[in-house]
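Below is one structure, written out as C-alpha cells, with a few remarks after it.
The values are calculated or read from the model by the stated rules, or taken from the named source; none is laboratory data. The shown structure was predicted, so the numbers you read here are calculated from the model rather than taken from an experiment. Here the Cβ is made from the backbone with ideal geometry for all residues, glycine too, and neighbour counts use every protein chain on show. In case anyone asks, the SASA skips ligands and DNA or RNA and just uses the protein heavy atoms, side chains included. Shrake-Rupley method; radii C 1.70, N 1.55, O 1.52, S 1.80 Å.
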Amino acid sequence: MSELEAACILNNPKLRHDINFDRELHFRPNLDGERGRAKLQIADDYWTALEVELELYTFMATDSRGAEFRAQPDYYHNMYRFERRIPTMFSAAKEIIVSLNEKSEMPGIQETMDVSFMMQQIHRGIFDLTPLASYMEVLLKAHCAPMRDAWVEKTCELMKHGWQTLNVKSVVSGFKELFGLLEAMKLDIANHQIRHLRPMLLDSTVGFEQAFFKLRLDKSSRDPMDVKLARKWYNNGEHLFDVDTPRSLVGAHFEHFLTRFLHSLVKPHTARHAPALPETFKLDIERLVTLRADIHTMVYNTLCLRALAQLINQLRRTSTHHHRATKYLQDVLPVIVGRGANAARWVAMSGNIAVELVRAATGDFPADLYAAPVQPLKSPFGLSYDSLTNSLETYLQKALKEDSSQFELAVTAQLSALSERVTELVEDHRKYSAQDLVNAFVPRPTFTWVMDSKRIKKPSAPLASIPTEPQDLLEDAAKRAAHISILHWRVWADLVYVAQDYDDEEDDE
C-alpha cells in the first residue's frame, strides 16, 4: 500500500504519464491475470501461516501443557525467536491507521496499539483482542465512508467472536478483512488526491518526465538507459511510405518523427506482440500494443469487405443490398474474431468468416435487423454455398496473413490514410496544453465507477461506445496516435532525438 502515499503518487512516472490518457484514472486492486493469481496465492499462504502462528499462542495461553512450557527458563527467548508475522502485522495495521487519522488522535492510537506491550501480553497469555477490535470499530467508522460501516462491523465482529470462542480461523478472517478495509480506505484517499492534483500533474508532465529520464540517461545512474537504439531508430529511413507523405507545418524534425513512429507502429515486423519502437516509448507500450491491434483490425476488416464487394459485384446485386450486406458483415466480424484479435486468430476463423461473407453477399441474413433485403439467391452461378465458402476460405487464409501481398497493400493504404489524418491533428493541436490535449483527444467515459465492499470496479464500456464504422475507427486511431506522438515529442525531442550532445558523441564513435 506504500504506492498510495502522496509522495509516491507525485514520483510515479507511469501514473503521471497515464493520467494524460485517462480522464478517470484511479487506483484500484489489480488481481487480473497471472500476476493477480500469484498475489492471491501469496496472500493465502500468508494467512494460512498466520493461523499456525496464532494456534501456537492459543495453545500456550489456554492448554494446561502450555503452562508447563511457560514455566521453562528459555520460554520467552524461544517465543521471540518463533515470532514471524504477528508483530509485523500489528505494526503494519498501526502504521496504516496512523496515516488515516488526524494528529489529535495519535496519543490514543499509540497507547491502544502499543505493539511491544501487546506482544508481551500475548507471551504471558493475557492478551484480549476484544477491546482492541471495539476501539478500531469506533475509530474506523469515524474516518471511512458511511457505505463502509457494514464492512467495519463485520471485520470487528469476526475478530471479537473468534477471540471469545478461541476460533483462530475467525480471528484470521477478521484480520484479513481489516487489511482489505484499510486498503480500500487508502484507495479512497489516494484517488481523492489524484482528482485534486490532476491539473498540476497534467501541467507538469513534460518537465517531470524530462527530469526523471535525464537522470537515467547518465551512465553512472543505478539503472542507466541506453538511447543509442532510439537515436538510430529516429535517424533511419526518410522515405518510408509507398505514397507521398503529407507535408505538414509541424517542422521537419517532427514530421520525420511522425513518419518513423507511424511506420513502426503499423507495419508488420518480427516481434508480433509489441510495436517495433525504442525504449523511449516504454510508458506508452500498452497503449501502443492496443492501438496497433485496432489499426490491424481495420486492415483485416478492409480485406474482408473487399472480398464481399467483389462477390456482390459478381452476383450483380444492387447498391442497396451492398450497403445492407456491408453493415451486416461489419457487425458479425467482431463477434467471430473478438476485438483486437491478431492475424493468427483471423486466419483461424477464416472458415467462419467465409460463411458469413456468402450469407451477406447472397442476402441470407436476418431481414428484421437490416431492413428487408432482396430475395436471397439460392444458387449463385449454379454453385453451392459450400463451393463459394471453400473458395473464399482459401483466399482469406492467404490474404489475412501479415506476410501476404494483399495484407501489405492494405496496410500501406491504411498507413497513408492514418498518416494524413494524424498530421492534420498534430498541426491543429501541437501547441495545446496537456489539459487541452486531454479534452481534444480523450473521450469522456460512458460508465461510472462502481464501488463495493471489496474493490473498485471499472465496468466495460457499452458496445455502443466502441466505434464500428470505418471512418470512426480511423478517427479514433488517429486521435490516439496524435496524442501519444505530441506528448512523446515534447519529452524526448531535446533529450534524445535532436540533442546535439548525442550527435557529437556518436560522431566520436
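Brief remarks on what is shown
Residue-wise test of (1) of a type in the set (Lys, Arg); (2) open to solvent by less than 10 Å² (accessible area, probe 1.4 Å); (3) in a helix (DSSP H, G or I).
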{"position": "Cys304", "(1), (2), (3)": "no, yes, yes"}
{"position": "Gln310", "(1), (2), (3)": "no, no, yes"}
{"position": "Asn313", "(1), (2), (3)": "no, no, yes"}
{"position": "His322", "(1), (2), (3)": "no, no, yes"}
{"position": "Thr326", "(1), (2), (3)": "no, no, yes"}
{"position": "Leu329", "(1), (2), (3)": "no, yes, yes"}
{"position": "Pro334", "(1), (2), (3)": "no, no, yes"}
{"position": "Gly340", "(1), (2), (3)": "no, no, no"}
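- Scanning segment 127-172 for residues that are in a loop (DSSP other than H, G, I, E, B) and in contact with a strand residue (DSSP E or B) (Cβ under 9 Å, 6 or more places away or on another chain) yields one hit, Ala145.
- Helices (runs of 4 or more DSSP H) fully within segment 433-509 counting 2 or more residues that are at pLDDT 55 or above and closer than 30 Å to Ser416 by Cα: 434-441, 470-492
- Only residues that are touching a residue at least 60 places away in the same chain (Cβ under 8 Å) and either open to solvent by 40 Å² or more (accessible area, probe 1.4 Å) or within 23 Å of the chain's Cα centre (by Cα) (or both) were counted across segment 205-224, and they come to 8.
- Arg195, sole failed condition from (1) assigned to a helix (DSSP H, G or I); (2) in contact with a helix residue (DSSP H, G or I) (Cβ under 7 Å, 6 or more places away or on another chain); (3) open to solvent by 70 Å² or more (accessible area, probe 1.4 Å); (4) at pLDDT below 90: (2)
- Search result, residues across segment 142-156 that are in contact (Cβ under 8 Å) with a residue 12 or more places away in the chain and either open to solvent by 70 Å² or more (accessible area, probe 1.4 Å) or among the hydrophobic types (A, V, I, L, M, F, W, C) (or both): Cys144, Ala145, Met147, Ala150, Trp151, Val152, Glu153, Lys154, Cys156
- Test: residue in segment 12-22 that is in a helix (DSSP H, G or I) and modelled with pLDDT under 75: no
Conditions tested, residue by residue: (1) more than 21 Å from Asp128 (Cα to Cα); (2) modelled with pLDDT of 70 or more; (3) open to solvent by less than 40 Å² (accessible area, probe 1.4 Å).
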| position | (1), (2), (3) |
| --- | --- |
| Glu68 | yes, no, no |
| Arg85 | no, yes, no |
| Thr88 | no, yes, no |
| Leu100 | yes, yes, yes |
| Gly108 | no, yes, yes |
| Ser116 | no, yes, no |
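- Qualifying residues in segment 387-401 (those that are of a type outside the set (Val, Ile, Thr) and open to solvent by 30 Å² or more (accessible area, probe 1.4 Å)) - the one nearest to the chain's Cα centre (by Cα): Lys401
- Conditions (1) in contact with a helix residue (DSSP H, G or I) (Cβ under 8 Å, 6 or more places away or on another chain); (2) assigned to a loop (DSSP other than H, G, I, E, B); (3) of a type in the set (S, T, N, Q); number of the one not met by Ser220: (1)
Residue by residue, here is whether (1) at pLDDT 90 or above; (2) of a type in the set (Gly, Ala, Ser); (3) in contact with a strand residue (DSSP E or B) (Cβ under 9 Å, 6 or more places away or on another chain) holds:
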position	(1), (2), (3)
His253	no, no, no
Ala271	no, yes, no
Lys282	yes, no, no
His296	yes, no, no
Ile312	no, no, no
Arg316	no, no, no
Val337	yes, no, no
Asn342	no, no, no
Trp346	yes, no, no
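- Flag set for Leu40, criterion: open to solvent by 40 Å² or more (accessible area, probe 1.4 Å), under 19 Å from Leu178 (Cβ atoms), modelled with pLDDT of 65 or more and of a type in the set (A, V, I, L, M, F, W, C).
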